[in-house]
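The values are calculated or read from the model by the stated rules, or taken from the named source; none is laboratory data. Please read these numbers as outputs of a predicted model, since none were measured by experiment. All Cβ positions, even for glycine, are placed from backbone atoms using ideal geometry, and neighbour counts span all protein chains on display. Protein only, heavy atoms only, side chains kept; ligands, DNA and RNA dropped before computing areas. Shrake-Rupley method; radii C 1.70, N 1.55, O 1.52, S 1.80 Å.
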Amino acid sequence: MRVGFHRKVDNLGRVTIPKEYREFYHLNEQDTVCLIDTKEGLLITNPKFKVVEIMETTSNKNDTCYEEKN
């Protein structure tokens, strides 16, 4: 898999995630992704997978895309 890639934002603000990334990260049509503002830039994550380190890098520690499941 490629380490990084460039994509243009279309006139509606959309960015296409390459198929190989969607498959690797289990992203399917109509799935929701989480956008997190970090010191390094915008992080796009799959909310199905909780990553503890994400909250350490966010600029607003009160924001989170992850809901606790009971």
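Summary table
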item: Residues of region 33-48 classified as open to solvent by 100 Å² or more (accessible area, probe 1.4 Å) and either among the hydrophobic types (A, V, I, L, M, F, W, C) or farther than 19 Å from PHE5 by Cβ (or both), total; result: 4
item: Tabulated pairs, region 1-21, first without any contact (Cβ under 8 Å) to a residue 40 or more places away in the chain and surrounded by 10 or more Cβ atoms within 10 Å (Cβ to Cβ), second of a type in the set (Gly, Ala, Ser) and not in a loop (DSSP other than H, G, I, E, B), C-beta under 9 angstrom, 6+ apart or interchain; result: none
